[in-house]
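Here the structure is laid out as structure tokens; the discussion comes afterwards.
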Amino acid sequence: MNSIILQVGTRYLAGILILFSLYMLLRGHNEPGGGFIGGLIGSTGFILYALACGTAQARAALHIMPQNIAVAGLGIALLAGIAAALFGDALFTGQWLFLNATEDSKGLPLSTVLIFDIGVYLVVFGAILSIVFAMEEEI
């Protein structure tokens, strides 16, 4: 497309979609959301950018091949699952670490569940962009 309004508007909208996808990723433990829906929303920002500016510019804006993002996410999710075995639990059992814990408060909870969700986010983000970029380049 050659619409300058669409191209400029898409740059801002893609950034907002990426930020919202990160919000959905981090919100997903206790509320609806998580890695899958966050990855879908994040990939939507780059898909919109590819439609407005072209696939070549969207790939250049991404800086990394989408396939590499998906593979890295798969590795991160696998490491989160294997981490439970280090503590003698079954695979993919959630492990928790509480930072700055005191007698009055539990502190900041970090878990392997969050790491797994980040891996899922990257897998979905990379896989969807790989498929859509390949389809867009065929047309």
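Values in this text are rule-based calculations from the coordinates and carry no lab data. Quantities reported herein were computed from a predicted structural model and do not represent experimental measurements. Don't worry about glycine lacking a Cβ; one is built from the backbone with ideal geometry, like all the others, and counts go over all protein chains shown.
What to note about this one:
- A Förster distance of 22 Å, applied to the separation of the beta-carbon atoms of Thr93 and Leu26, puts the FRET efficiency at 0.55.
- Translational D in µm²/s for the chain (Stokes-Einstein at 25 °C, 0.890 mPa s, Kirkwood Rh from C-alpha pairs): 150
- Computed from point charges on the beta carbon alone (+1 for Lys and Arg, -1 for Asp and Glu), the dipole magnitude for the stretch 4-138 about its Cα centre is near 240 Debye.
- For the stretch 4-138, the relative contact order is 29 percent, taking Cα pairs closer than 8 Å that sit 6 or more residues apart in sequence and dividing their mean separation by the residue count.
- Placing a label point 7 Å from the Cα of Glu137 along the Cα-to-Cβ direction, the residues of the stretch 58-79 whose backbone N falls under 17 Å from that point are 58-71.
- From the alpha carbon centroid of the stretch 36-50 to that of the stretch 71-104 is 27 Å.
- Counting beta carbons within 10 Å around each of Val71, Val113, Val8, Val124 and listing the fewest first gives the order Val8, Val71, Val113, Val124.
- Computed over the Cα atoms of the stretch 76-119, the ratio of the radius of gyration to the Kirkwood radius (Rg/Rh) comes to 1.06.
- Whether the stretch 7-86 is rounded, prolate or oblate, judged on the alpha carbon gyration tensor where a/c under 1.5 counts as rounded: oblate
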